[in-house]
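Undergrad: Have a look at the structure that comes next, please.
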Amino acid sequence: MKHDRIWNFYAGPAAVPLEALEKIHQSWFNYNGEGMAVMEMSHRSKPYDEIHNNTAGLVKKLLGLGDNYHVLFLQGGASLQFAMVPLNFLGNDKEADYIHTGTWSAKAIKEAKLFGNVNVAFDGNDTQFLRLPRQNEVKLTEGAEYVHITSNNTIRGTQFFAFPETNGVPLVADMSSDILSRCFDPEPFGLIYAGAQKNLGPSGVTLVILRNDFYERCIEKNLTTMLHYKTHVEKNSLHNTPNSFGIYFMECVLQWIDDMGGLKAMEARNREKADLLYGFINNNDGFYCCHIEKDSRSWMNVCFHLPTEALDQEFVRQGAENGFIGLKGYRSAGGCRVSMYNATPPEAIRDLVDFMQDFMDKNG
Ligand code: PMP
């Protein structure tokens, strides 16, 4: 394969588009005739300013966001957003609904409880996290400030395909593991956040999108400057030194998505991969077994088991030997997991399925 690369199925940091890497490589010593690399450039300089604003512009273009949205580039990962959201929007007398669908939503709930009243509107424990809630199972609270969801559950391998209807209450979504992977209507979302290291580029940048009318409800009281959304909205994410290189990297990834045909093209590509892999698993479910209910199965993270734990381990080991890295399930979930974000081409899944067939023929 080009540059001796292998198929990378790590859950994050994860594979990035080769075209983005090549572009960054080209500008490594001298970005656009500036005589220096992007990471050497002042974040107050004109060329960096262009990168910064162009990246935000691409986010808006790809998601079809109007002027009523703010795009922020923060640090601290999605994990800091677990706290910043309730810190900015809740208080002693305020409530929020949280839909609990796995490890990451549990962490978001834990943080929110520090700042306000949290109602668990659906508890995935009741269904062993094997599926996402149906609309009639979501118990919304009147007067809630927002409804929090995790759009894709990286560890469990579930993904929302229809978002919960909330009667106008803003949705707040952790989209860390499926942002920009498909078309969706952003309108019901008051806030979207995502760590960059799966679908957007390198770790160390967190994308936050705020709808203006929701943002205006952000509490005014004296919050720590760096933890107040207002600081970052008013300073266009330049209150302090941003992860300028990470943002440039994101620009290159977003440009690749745009060149490929935007979210429509990503959706078609991700659907094709999911059809290939789940199709193969369904046809061989005596050997490769996916317990997730069919209409909740994630297109990004495909989780499955082999007949024994020893075979799971052997599959992961032989996979790595054959050029397929990162097939081990999350530590708490066990089994195997194939993470296939935007950058993973269908060809990678075709090769993987051939390997899976071969492994089954020899071990089944
Ligand atoms: N939310 C989801 C859905 C994730 O998959 C992850 C990381 N894998 C996180 C949050 C935590 O992200 P970070 O490491 O950027 O804090």
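The values are calculated or read from the model by the stated rules, or taken from the named source; none is laboratory data. From a predicted model like this one, the values you see are computed outputs, not experimental measurements. No Cβ is skipped: glycine too gets one built from the backbone with ideal geometry, and neighbour counts run over all protein chains shown.
Undergrad: Would you mind listing the helices (runs of 4 or more DSSP H) fully within region 26-125 where at least 1 residues are among the polar types (S, T, N, Q) and more than 25 Å from Asn153 (Cβ to Cβ)?
TA: 46-63
Undergrad: Check Ala274, Ala194, Ala268 and return the single one that is outside the structural domain of Phe359 (by TED's automatic domain parsing) and of a type in the set (Gly, Ala, Ser).
TA: Ala194
Undergrad: Same structure again: Return the total of residues in region 94-114 being more than 16 Å from the ligand (Cβ to nearest atom) and more than 11 Å from Glu145 (Cα to Cα).
TA: Residues that pass the stated criteria total 2.
Undergrad: Would you point out which residue out of Gly143, Gly91, Gly77, Gly66 is within 26 Å of Glu216 (Cα to Cα) and within 16 Å of the ligand (Cβ to nearest atom)?
TA: Just a single option satisfies the conditions, and that option is Gly77.
Undergrad: Tell me, please, whether a residue that is within 21 Å of the chain's Cα centre (by Cα) and not assigned by TED's automatic domain parsing to the domain that holds Asn53 can be found in region 278-285.
TA: Yes, there is a match, as at least one residue in region 278-285 is within 21 Å of the chain's Cα centre (by Cα) and not assigned by TED's automatic domain parsing to the domain that holds Asn53.
Undergrad: A follow-up question, please. Would a scan of region 235-256 turn up a residue that is over 24 Å from Ile51 (Cβ atoms), not in a loop (DSSP other than H, G, I, E, B) and not polar (S, T, N, Q)?
TA: No, region 235-256 contains no residue that is over 24 Å from Ile51 (Cβ atoms), not in a loop (DSSP other than H, G, I, E, B) and not polar (S, T, N, Q).
Undergrad: Of the numbered conditions (1) within 22 Å of the chain's Cα centre (by Cα); (2) over 18 Å from Ser237 (Cβ atoms), Phe73 fails exactly one; give the number of that condition.
TA: It fails just one condition, (2).
Undergrad: Among the hydroxyl-bearing types (Ser, Thr, Tyr), touching a residue at least 12 places away in the same chain (Cβ under 8 Å) and loosely packed, with under 14 Cβ neighbours inside 10 Å: does that describe Thr241?
TA: Taking the combined requirement at face value, the residue satisfies it.
Undergrad: Still on this model: Starting from region 26-49, take each residue that is on the phi < 0 side of the Ramachandran plot and list its partners that are outside any loop (DSSP other than H, G, I, E, B), counting only C-beta distances under 6 angstrom and pairs at least six apart or across chains.
TA: Tyr31/Val38; Glu34/Pro47; Val38/Phe245; Val38/Tyr248; Met39/Phe245; Met41/Tyr48; His43/Ser244; Tyr48/Ser244
Matching residues to (1) without any contact (Cβ under 8 Å) to a residue 60 or more places away in the chain; (2) loosely packed, with under 15 Cβ neighbours inside 10 Å; (3) within 29 Å of Glu251 (Cα to Cα); (4) out of contact with any Phe, Trp or Tyr (no Cβ under 8 Å at 6 or more places or on another chain):
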{"site": "Leu80", "(1), (2), (3), (4)": "no, no, yes, yes"}
{"site": "Met84", "(1), (2), (3), (4)": "no, no, yes, no"}
{"site": "Asn92", "(1), (2), (3), (4)": "yes, yes, no, yes"}
{"site": "His100", "(1), (2), (3), (4)": "yes, no, no, no"}
{"site": "Ala106", "(1), (2), (3), (4)": "yes, no, no, yes"}
{"site": "Ala112", "(1), (2), (3), (4)": "yes, no, no, no"}
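Undergrad: Something else: Would you mind telling me which numbered condition in (1) within 16 Å of the ligand (Cβ to nearest atom); (2) over 30 Å from Trp256 (Cβ atoms) Gln128 fails?
TA: Result: Gln128 passes all but (1).
Undergrad: I need the full set of residues from region 72-95 which are among the acidic types (Asp, Glu) and modelled with pLDDT of 95 or more, in order please.
TA: Of everything in region 72-95, just one residue is among the acidic types (Asp, Glu) and modelled with pLDDT of 95 or more, namely Glu95.
Undergrad: Turning to a different aspect of this structure: Just one of the numbered conditions (1) away from the ligand (no atom under 11 Å from the Cβ); (2) surrounded by 18 or more Cβ atoms within 10 Å (Cβ to Cβ); (3) touching a residue at least 40 places away in the same chain (Cβ under 8 Å) is not true of Cys183; which one?
TA: Every listed condition holds for Cys183 apart from (2).
Undergrad: Checking the structure you have, find out if any residue of region 129-152 is in a helix (DSSP H, G or I) and either free of Cβ contacts under 8 Å to residues at least 24 places away in the same chain or in the same structural domain as Cys289 (by TED's automatic domain parsing) (or both).
TA: yes
Undergrad: Go through (1) surrounded by 14 or more Cβ atoms within 10 Å (Cβ to Cβ); (2) in a loop (DSSP other than H, G, I, E, B) one by one and return the number of the condition Leu21 breaks.
TA: Result: Leu21 passes all but (2).
Undergrad: From the list Leu223, Leu207, which one is in contact with a helix residue (DSSP H, G or I) (Cβ under 7 Å, 6 or more places away or on another chain) and within 16 Å of the ligand (Cβ to nearest atom)?
TA: After applying the criteria, what remains is Leu207.
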